[in-house]
Amino acid sequence: MNQPKMQREKQLSNPELREPVKVFCRLRPLCDESELPSLKLLSPTTLTIISDTKTKGVRRECNYMFSYVFTSYSGQREVFEHVALPLLEDLVNGKNGLLFTYGVTGSGKTHTLNGDAANPGIMPQCINTLFNSIGELQAQKYLIKSDRMNGFEVQSENEALEERFRETKSITKRVRLTKKGSGDKIMYNNDGTKLKNIRDDCLFSVFISYAEIYNNAVYDLLEDSNGKLQSKIIREDSQRNMYVNGVEEIEVKSAADAFELFAIGQKRKRMAHTLLNAESSRSHSIFNIRVVQLIQGQNLIKVGQLSLVDLAGSERCNRTNNTGMRLKEASSINNSLMTLRTCMEALRENQLSGTNRVAPYRDSRLTLLFKNYFEGEGQVRMIVCIKPSDQDSEENLQVLKFAEVTQDVQLTKAEPRYLQTFKTPTVKTGYIQTPKTTKAKTISSFSFGPKIPSVKLDLQDVEKNFAIIDKLAQVLRVRKQKCDLNNEDFDRRAQHLRKRLIDSNQENIMSRSEIRNLKAMLKRDKSQIQNLNVKIVDLETLNNDFLTKNNEQQEFIQNLQLTIDEKNLKLNQNCLEQEKNKQKFVLHAEKLNQEHDNKLRKQRHQLEMEMQARDLKLKKVKELIESDVNVDLTQSHREVTKLPETELKENIPQFTSESVIDRNVTSNRLNRGRGIGDIWLEHNAVKPIPLQTVLQPSMKRRKSVDRLKKASDVTNPKQSKYCLIAQESDGAGDVETKLYKGDILPTCTGGAQVIFNGVECLREESPTKMPLSPNNK
Ligand SMILES: Nc1ncnc2c1ncn2[C@@H]1O[C@H](COP(=O)(O)OP(=O)(O)OP(=O)(O)O)[C@@H](O)[C@H]1O
């Protein structure tokens, strides 16, 4: 068990040296006057909560005791006087104090602590009262300076002057910070209250810091950052006080300066609109006022700290309907409040039943930061804020239970802490009177009193000798006293030095462990960075591959596009060509049609002429035949007979619709001389009886068919003559063979027509047959 803990336990066992956590209760006015309150006030210190257990239909009443209960009619002034004024008095006496407000969301915690310009809360009243009291006793700015390790050092007048000069030139961060906030400050009502018993042999400096704990991380609300706030770590100083490392502690010389800083911090503090409060704090905020007193002539400074903590409200998610970020914040708020409650329970249990339960301060930044308060480094006061509506009764019950636990916790009484300062300023001007002693003088104070006088004994004069010895003894006594004093001083200094050595050793150990942790973290981060680098390289390679592939694909697409373009061009050209050809073809076709039509017209005309000529000829033949009935049959045994119309019709090949049969038989004799080189199409419609005739038809080049199967049989352009062979036998031995002859002429549509122009008749008679009577011939 370490010494401070033992000391604390010793102090706690002495009722004179301990005091409980003082818990106050403040009731917020109901929003709706018609609403039924779920609380009633039994006495100025006792509150009764009526919990309605609806399921069982029973109304239960529980009493809770407080140091004082503020009703909804209590004003801000009353709350300040009861709760904060004693803490403020302690503050200027170098004692630490912690005041926090606790309650459900929207119960009036922020209102109690901050208030507004017309109704200033605890914080503005503390600031106003403090400056009203120390106004004339302030040290010059920068005479006392924060060492950024939760301690202070006294600077020389020259150093302070330099810093003030820098400030006027707007070089320092603080000035920039102050300027940034200009215009935002609120001037709270100041009723001129002053503290009594302010030591007038001291010089005071007031320092302000403002931080918040959001999602279990600490942020400095006065940090001079242009962008995002950086989270801070909590450390323990040489006096075992917990503090936010690197937090900006700004010296203020007036209440207005302090309010300006508060306004800057307030702007950065995380607030949000929820269902239960239009401006709900989403973080715990800590407004620290530190008063440093320089005790003149003693090389001592005394530091007092007052922490005003506005805790974020506990909230039930089913009532706020929070989601996403708000839900995360709410869970973080509830967790830290739960840790605070667990710590209080552990402390109470240890004190009541002597157990050794460890309070889990480290589980939350909130409890870690105020650990030293709970372990006896200052007074702790809590204001429980209650919204007395019926809907909040269940949550209020939890709050009141926590209040009950908290006020059972006993803490050691806070004592002022003095710090020795060897760096004493020398002030020549102004109202500040600083001690004239210097470090050198302090050291020379180790004098051994008056010098030992030289002793010359006179053996003759014993009386004189006695007087000399008495004087010597007196000097030696003085020197002995001086020696004792020196020894005491030396012991005190040695003790102080030892303590400082122990502290610095502890700090060293802590720093080492912190360095170790940081090194481990650094190592882990480095390995993570390495892994990430490897991943980045892999991804870059992959990316490069993708890019190459992509480029290739792009190139391929470009080529395809080019080919498509070329093809499209060709297609267009072809289309144009086709269109041109089509036009040409149409023109040509029109021309051909015209030519063809002309030809046809000519041919038709020619044919008509020919027909007319033939008709004329036939007419003449007919006239001739009619006039010349007796034809000489014996000369040639051949008869030119005009075939009966019906017979001729039957034998006409019907290949095309254009086939025209010329029934006007022209004289075969006219055609006989023609066609020596013609090719004949010999059509044997019936199989002929082989004849031994001497006379043979003259068809040197011929093609014989027994049936006309297809059009090409006739349309063959090489064939120009057609001959249809028909044979008849009378059964008595006479055989008659008829050859119907014609010209094959092409038609204008590509077909062919046969124009018959003669019939040859071959007759073979049997000699045994009776000759025909002239009538039968
Ligand atoms: N005693 C009071 N008198 C008049 N108005 C009050 C009082 N207490 C609270 N209010 C009003 O109630 C509203 C909510 O109060 P406040 O913001 O202080 O709640 P809170 O407990 O801080 O809530 P949260 O935890 O969500 O931040 C404010 O508009 C405030 O002005």
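The values are calculated or read from the model by the stated rules, or taken from the named source; none is laboratory data. Remember, it's a predicted structure, so these values are computed and weren't measured experimentally. Cβ placement follows ideal geometry from the backbone for every residue including glycine, while neighbour counts extend to all protein chains displayed. Keep in mind that these areas ignore ligands, DNA and RNA; they rest on the heavy atoms of the full protein, side chains included. Shrake-Rupley method; radii C 1.70, N 1.55, O 1.52, S 1.80 Å.
What FRET efficiency, computed as 1/(1 + (r/R0)^6) with R0 = 35 Å and r the Cβ-Cβ distance, is obtained for Ala520 and Lys413, rounded to the nearest 0.05?
On the way: r = 40 Å, r/R0 = 1.16.
FRET efficiency, Ala520 to Lys413: 0.30.
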Return the sequence-ordered ³J(HN,Hα) values of region 745-756 in whole Hz as given by the Karplus equation 6.51 cos²θ - 1.76 cosθ + 1.60 applied to θ = phi - 60°, using x for Gly and Pro. 10, x, 9, 5, 9, x, x, 9, 10, 10, 10, 6
Taking 7 Å along the Cα-to-C-beta vector as the label spot, tell me the Asp200-Arg148 distance in nanometres, rounded to one decimal. 3.9
Accessible surface of Cys575 in the full protein assembly, 1.4 angstrom probe, to the nearest 10 Å²? 70
In region 205-272, carbon and sulfur make up what percent of the accessible area (probe 1.4 Å)? 43
Kirkwood-based Rg over Rh for region 448-588 (C-alpha set), two decimals? 1.98
Starting from the Cα-Cα distance between Ile509 and Lys703, subtract it from 0.36 nm times their residue separation and give me the gain in nm to one decimal. 56.6 nm
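Assuming R0 = 56 Å, what is the FRET efficiency of Asn684 and Lys582, from their Cβ-Cβ distance, to the nearest 0.05?
The pair Asn684/Lys582 has a calculated efficiency of 0.65.
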For region 514-578, report the translational diffusion coefficient in µm²/s to the nearest whole number, using Stokes-Einstein at 25 °C, 0.890 mPa s, and a Kirkwood Rh over Cα pairs. 150
Under the Karplus curve 6.51 cos²θ - 1.76 cosθ + 1.60, θ = phi - 60°, whole-Hz ³J(HN,Hα) for region 140-151, x wherever Gly or Pro sits: 5, 4, 6, 5, 10, 9, 5, 8, 6, 10, 6, x
Considering amide H positions built from the backbone, and no H for Pro or chain starts, which residues 5 or more places from Leu195, or on another chain, come under 5 Å of its amide H? Ser133
Of every Cα-Cα pair in region 351-403, the percent that sits beyond 16 Å: 63
Can you put Lys302, Lys535 in order of accessible area, largest first, using a 1.4 Å probe? Lys535, Lys302
Carbon/sulfur accessible area of region 448-588, % of total, 1.4 Å probe, equals 58
For Val380, list long-range residues whose amide hydrogen, built 1.01 Å from N in the peptide plane, is under 5 Å from its own amide hydrogen. Lys22, Leu98
Residues whose built amide H sits under 5 Å from the amide H of Leu42, excluding neighbours closer than 5 in sequence, are Leu47, Thr48
Where does each of Val218, Val694, Val621 land when they are ordered by accessible area, with a 1.4 Å probe and the largest first? Val694, Val621, Val218
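Under a 1.4 Å probe, what is the accessible area of region 521-581 per residue, stated in Å²?
In whole numbers, region 521-581 has 97 Å² accessible per residue.
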With every protein chain left in place and a probe of 1.4 Å, what is the accessible surface of Phe165, to the nearest 10 Å²? 130
Of Lys619/Lys738; Lys109/Lys228; Lys22/Lys95; Lys700/Lys721; Lys599/Lys619, those spanning more than 19 Å from alpha-carbon to alpha-carbon: Lys619/Lys738; Lys109/Lys228; Lys599/Lys619
